[in-house]
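Encoded as structure tokens, the structure appears first; notes follow it.
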Amino acid sequence: MQKTLIICYYWPPAGGPGVQRWLKFVTYLSEFGIEPVVYCPKNPTYPILDKTLLSSVPEGITVLKGPINEPARWSGKLFGKQTRDLSRGIISTDKKNWIERLLLWIRGHFFIPDARIGWVKPSVSFLRQYLSDNTDIKTIITTGPPHSLHLIGAELQQSMSVKWMADFRDPWTQIHYHKDLNLSNWAKKKHEALERKILTAADHIVVTSPLTQLNFQTITDVPLTLITNGYDPVDFPECQPESSFFNMVHTGTLLEDRNPKGLWKALSTLIRDKTFKSMARLHLVGVVAPSIRASIKEYGLEDNVVLHGYVSHQNSLQWVVDAQLLLLIEMDKVTTKDILPGKIFEYLGASAKILALGPQDGVIKDIIDDTASGIYLGHQSYEEIKEFIANEFAQHQLGEKSFRSLPKAYQRKVLTQKMAELIKTL
């Protein structure tokens with residue numbers, strides 16, 4: 001069986017979407033002739049913890065760990081709440097206070113490409129020795145963000161007899177939050193130079209979005225492969241007996257930039273109907289930015305919106321399978337057109353219709369259309385949003401639920417087979 005070293009930052013007990021992709025690849029790679037060896041931080045500062053995921057790590061997998069010294073530790077002691085919010089992606093868009101501006105400026109200028117840059121040198125030193133002692137490992141994979149991990153791959157490729165694949169779960173310089181770092185021209189050029197270095201040095205590049213693939217193809221001639229995220233049927237709990245409520249569900253963090261005012265306006269109109277007001281509930285399962293909570297109050301939706309806060313991945317999936325309507329909300333920005341959030345694939349693993357909101361021509365629309373799983377609309381499409389929700393509610397009142405076939409192409413095991421075949425070609 002061919003051994004492959006996988007270098008990742010997010011690994012159980014990390015929570016959130018970043019951990020799922022390679023946890024699932026590692027789970028199934030051995031079925032397709034690849035033995036994974038995982039290298040991750042020993043003492044990371046994860047913004048979200050989900051200890052239930054520890055039981056999902058396959059038995060017998062070699063997991064190597066190296067100590068990491070992260071700036072979040074000292075910044076957390078000095079600026080507790082702001083550090084925690086920034087690490088979870090909660091950034092004020094209108095009036096950032098001086099602490100947020102300072103932390104973002106430091107992040108963008110002193111930690112390039114990101115705050116885990118200090119883990120590169122000690123990791124390279126440790127892994128050089130490990131690869132020297134384990135000469136049967138001929139391929140390594142780095143996955144980012146954090147994109148500093150790709151620098152580990154570049155160093156090992158140059159100094160060791162290994163092939164290197166760089167896996168991009170998100171874009172690098174084109175990611176939507178890059179502008180929030182207030183980069184100087186010097187810092188911006190350094191980010192772009194590092195990105196170009198990685199994209200031209202890797203033996204193969206994997207991306208999760210077709211638009212990211214097209215963007216990278218303008219920078220490099222290195223072969224690129226699209227392997228999206230997915231869903232795993234074995235993770236989904238049994239559907240609970242349906243309640244009389246019409247449950248709309250959104251899982252995951254709702255950032256300030258995702259504030260769906262068209263949705264709030266549609267719901268505020270629909271609740272004028274007493275039946276809808278008494279039966280409809282919108283469950284927000286995950287961290288919700290303060291400005292969004294304020295909008296919910298502004299539109300008079302406090303009685304119909306339930307805030308659950310962060311829950312474990314398994315509990316999140318329970319909400320997904322029990323929903324009558326699933327909501328997916330992406331930022332209304334050109335820079336998010338190429339984002340395919342992991343939750344879209346988990347939504348595809350359930351039977352409820354999906355109402356997705358995002359920028360015009362976002363790649364999410366292609367997935368929704370190809371799988372006939374719901375509808376994709378712009379944030380300002382108030383009338384269409386209202387009509388879609390009203391139609392789904394009418395079906396619920398009639399005791400009907402529109403079931404749809406689940407797309408096998410996005411199952412984790414199918415995607416892992418594709419990844420394994422790619423690793424073997426290296």
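Derivation of every value follows stated rules applied to the coordinates shown; laboratory data play no part. On a predicted model such as this, the values are computed, not experimentally measured, just so you know. Here the Cβ positions follow ideal geometry from the backbone for every residue, glycine too, while neighbour counts run over all protein chains shown.
Given DSSP loops and a limit of at most 12 other Cβ atoms within 10 Å, what is the longest stretch of the chain that contains no such trypsin sites (Lys or Arg not before Pro)?
The longest such stretch corresponds to 96-271.
Per the helix-only calculation at 222 nm, which mean residue ellipticity applies to the chain, given -39500 (n - 2.57) for every DSSP H run of n ≥ 4 and division by its residues, nearest 500 deg cm²/dmol?
Rounded to the nearest 500, it is -12000 deg cm²/dmol.
When the chain is modelled as a GNM with alpha-carbon springs shorter than 10 Å, which of L29, L282, L131 fluctuates the most?
L131
Would you grab the residues whose amide H sits under 5 Å from the one on G66? Only those 5+ places off in sequence or on another chain, please, with H modelled 1.01 Å from N.
C40, K42
Put +1 on the Cβ of each Lys and Arg and -1 on the Cβ of each Asp and Glu in the stretch 237-397; which of S268, G309, Y382 then has its Cα farthest toward the positive end of the dipole?
So the residue we want is S268.
Compute the long axis of helix 313-322 from its Cα atoms, compare it with the longest principal axis of the Cα atoms of the chain, and write down the angle in degrees, 0 to 90, nearest 10.
For helix 313-322, the angle is close to 30 degrees.
Let me know the shape class of the stretch 237-397, please: from the alpha-carbon gyration tensor, a ≥ b ≥ c as square roots of the eigenvalues, rounded when a/c is under 1.5, otherwise prolate if a/b is greater than b/c, or oblate.
Rounded, because the longest to shortest axis ratio a/c is under 1.5.
Work out the length of the dipole vector of the chain about its Cα centre, built from +1 on the beta-carbon of each Lys and Arg and -1 on the beta-carbon of each Asp and Glu, and round it to the nearest 20 debye.
The calculated dipole for the chain is roughly 1200 debye.
Assign unit charges at the C-beta atoms only (+1 for Lys and Arg, -1 for Asp and Glu), then state the dipole size of the stretch 237-397 relative to its Cα centre in Debye, rounded to the nearest 20.
Roughly 500 debye for the stretch 237-397.
Antiparallel DSSP bridges in the stretch 237-397: what percent, to the nearest 5?
In the stretch 237-397, DSSP labels about 0 percent of beta bridges as antiparallel.
Below 8 Å between Cα atoms, with a sequence gap of 6+, how large is the relative contact order for the chain in percent?
15 percent
Considering amide H positions built from the backbone, and no H for Pro or chain starts, which residues 5 or more places from K138, or on another chain, come under 5 Å of its amide H?
It is K3, by chain and number.
Quick one: Cα centre-to-centre distance for the stretch 251-292 and the stretch 348-426, in angstrom?
Spelled out, the Cα-based centre of one part sits 19 Å from the other.
How tilted is helix 412-425 with respect to the longest principal axis of the chain? Cα atoms for both, answer in degrees (0 to 90, nearest 10).
Result, in degrees: 20.
Quick one: net charge around Y231, please, counting Lys, Arg +1 and Asp, Glu -1 for every other residue with C-beta under 11 Å from its C-beta.
+2
Do you know the relative contact order of the stretch 237-397, to the nearest whole percent, from alpha carbon pairs under 8 angstrom that are 6+ apart?
27 percent
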